[in-house]
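This report concerns only the one structure given below.
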Amino acid sequence: MKSTELRVKSVPELTTELEALLKAHFSLRMQSSMQQLTKTSELRSVRRSIARVRTILREKA
C-alpha cells in the first residue's frame with residue numbers, strides 16, 4: 001500500500017491495518033522458520049509496510 005493511500009485513512013483504520021500486517025508478518029516468519037516460505041520477498045515488503053503505517057500513525061499523533 002502506498003503512503004498516499006495511508007495518509008487518507010483515519011487513525012482507527014490505520015491501527016487495524018497495522019494489526020493485520022503484524023499478523024501477516026508473524027505467519028510469514030513462522031513459514032520461514034519451517035522452511036515453507038516460497039516468496040522470501042514478502043517478508044521485506046510486509047516489514048516495510050509496517051514501517052510505513054507506524055510512520056503515518058506517528059505523524060498523525
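The values are calculated or read from the model by the stated rules, or taken from the named source; none is laboratory data. Everything quoted here is computed from the prediction, not taken from an experiment. Positions of Cβ are generated from backbone atoms using ideal geometry, with glycine treated the same way; all protein chains shown enter the neighbour counts.
If the condition is being crowded, with 16+ Cβ neighbours inside 10 Å, touching a residue at least 40 places away in the same chain (Cβ under 8 Å) and not hydroxyl-bearing (Ser, Thr, Tyr), then region 10-52 contributes LEU14, ARG52.
Residues in region 17-61 that are closer than 16 Å to ARG7 by Cβ, of a type in the set (Gly, Ala, Ser) and at pLDDT below 95: ALA61 alone.
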